[in-house]
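Participant: This is the structure, below, for whatever I ask next.
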Amino acid sequence: MSQFMFVTDLDNTLVNHDTEDDKALQELNHRLSQHRQEHGSKIVYATGRSSVLYRQLAAEKKLIEPDALVVAVGTEIYINSSESVPGEDILSGKLANPKGDNCDRDWSAQIATGWNRNTVVSITDKFDELKSQPDTEQRPFKVSFFLEESASERILPKLETELQKCGLNIKLIYSSGIDLDIVPKNSDKGQAMRFLRQKWGFVAEQTVACGDSGNDIALFAAGEERGIIVGNARPELIQWHSENPADNRYLAKNICAGGILEGLKHFGFLE
Ligand SMILES: [Mg+2]
């Protein structure tokens, strides 16, 4: 067994919200912790949640502490440095504090080119249909709104045109028929994974990513990394997978953590 880099989405991938039965999650946690200890494997959580909402979930579901945390649609990366004091971990807010002022500076510098938050806000202010999301979801590299689906077809093209006029290097992500995020173009879960992989020196073949929905496609489309699609994946991901088949991607039969365990065995990362 050799070390590998494990990257997983949280909601409905690692964490099953439909059951109180956490047996599969506990087994996976145990196997991953052991592998990390014995072989130096790395554990990464990649989530659309902000660090605030991440900490709620981590406490509720007793998640093990990751080596790095990718939050806010890939715009922030927090690396758990070995110098951190035991006990002052993620759950107490050391790894990812709400202000985000301890996130990885190399990553921030990489996505900062062509980004200007004030310019974005000066344009979005002109659109009454955009309702600001709570302050916890407003980040240095993410401006977030609620936008009713009925208005989205009319508003999104106009907004995009206005933003493009400013020459910013950004993208709009509209999901679930309500959430609108405006973020730097070169920030997503897949690019964050590659950044960490290169930082820690893992080859793509020793890296595995797990997900269940559309915003995980960036993880699976990154390159030669191994991919595990959990058995409860959403239709948009299943459809993308069938249209873009690849040998380095595995569609699990089991759901959530059980599907991840199945996939890790399939690729030989675990016995
Ligand atoms: Mg998910």
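The values are calculated or read from the model by the stated rules, or taken from the named source; none is laboratory data. All figures in this text were calculated on a predicted structure; none of them were measured in a lab. Virtual Cβ from ideal backbone geometry, glycine too; neighbours counted across all protein chains shown.
Participant: May I ask you to verify whether Asp181 is assigned to a strand (DSSP E or B), acidic (Asp, Glu) and buried (at least 21 other Cβ atoms within 10 Å of the Cβ)?
Facilitator: So Asp181 fits the description; yes.
Participant: Quick check on my filter: what residues within segment 17-51 are in contact with a Gly (Cβ under 9 Å, 6 or more places away or on another chain) and more than 25 Å from Ala222 (Cα to Cα)? Can you show your working first?
Facilitator: As a first pass, look at segment 17-51 and keep what is in contact with a Gly (Cβ under 9 Å, 6 or more places away or on another chain): 23-25, 27-28, 46, 48, 50-51.
Once the filter is applied, which keeps residues that are in contact with a Gly (Cβ under 9 Å, 6 or more places away or on another chain) and more than 25 Å from Ala222 (Cα to Cα), segment 17-51 yields Lys23, Ala24, Leu25, Glu27.
Participant: Quick check, is Gln164 in a helix (DSSP H, G or I), in contact (Cβ under 8 Å) with a residue 40 or more places away in the chain and more than 16 Å from the ligand (Cβ to nearest atom)? Spell out how you get there, then give the answer.
Facilitator: Values: in a helix (DSSP H, G or I): yes; in contact (Cβ under 8 Å) with a residue 40 or more places away in the chain: no; more than 16 Å from the ligand (Cβ to nearest atom): yes.
So Gln164 does not fit the description; no.
Participant: Identify the residue in segment 18-35 that is outside any helix (DSSP H, G or I) and away from the ligand (no atom under 16 Å from the Cβ) and, among all such residues, is nearest to Gln206 (Cα to Cα).
Facilitator: Restricting to residues being outside any helix (DSSP H, G or I) and away from the ligand (no atom under 16 Å from the Cβ), the top hit is Asp22.
Participant: Tell me, which residue of segment 221-241 that is in a loop (DSSP other than H, G, I, E, B) and crowded, with 23+ Cβ neighbours inside 10 Å is farthest from the ligand (Cβ to nearest atom)?
Facilitator: Applying the filter and picking the extreme gives Glu225.
Participant: Given the options Glu38, Glu65, name the one that is more than 16 Å from the ligand (Cβ to nearest atom), closer than 19 Å to Lys265 by Cβ and among the acidic types (Asp, Glu).
Facilitator: After applying the criteria, what remains is Glu38.
Okay, residues lined up against (1) over 25 Å from Asp106 (Cα atoms); (2) over 14 Å from the mean Cα position of the chain (by Cα):
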| site | (1), (2) |
| --- | --- |
| Gly190 | no, no |
| Phe195 | no, no |
| Val208 | no, no |
| Gly211 | yes, no |
| Ile217 | no, no |
| Phe220 | no, no |
| Arg234 | yes, yes |
| Gln239 | yes, yes |
| Pro245 | yes, yes |
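Participant: Could you grab me the full set of residues in segment 207-220 that are away from the ligand (no atom under 11 Å from the Cβ) and either surrounded by fewer than 20 Cβ atoms within 10 Å (Cβ to Cβ) or modelled with pLDDT under 95 (or both)?
Facilitator: Once the filter is applied, which keeps residues that are away from the ligand (no atom under 11 Å from the Cβ) and either surrounded by fewer than 20 Cβ atoms within 10 Å (Cβ to Cβ) or modelled with pLDDT under 95 (or both), segment 207-220 yields Ile217, Ala218.
Participant: I've got another one for you. Among residues belonging to segment 1-17 that are within 13 Å of the ligand (Cβ to nearest atom) and more than 13 Å from Thr47 (Cβ to Cβ), point out the one that is surrounded by the fewest Cβ atoms within 10 Å (Cβ to Cβ).
Facilitator: The residue in question is His17.
Participant: From Glu88, Glu129, Glu20, Glu60, which residue is modelled with pLDDT of 95 or more and of a type in the set (D, E, K, R)?
Facilitator: That would be Glu129, the only listed residue that is modelled with pLDDT of 95 or more and of a type in the set (D, E, K, R).
Participant: Suppose the filter is within 15 Å of the ligand (Cβ to nearest atom) and either assigned by TED's automatic domain parsing to the domain that holds Val70 or assigned to a strand (DSSP E or B) (or both); does Asn254 pass it?
Facilitator: So Asn254 does not fit the description; no.
Participant: Out of the residues in segment 41-52 that are at pLDDT 95 or above and more than 16 Å from the ligand (Cβ to nearest atom), which is nearest to Gly268 (Cα to Cα)?
Facilitator: Within segment 41-52, the match that is nearest to Gly268 (Cα to Cα) is Ser41.
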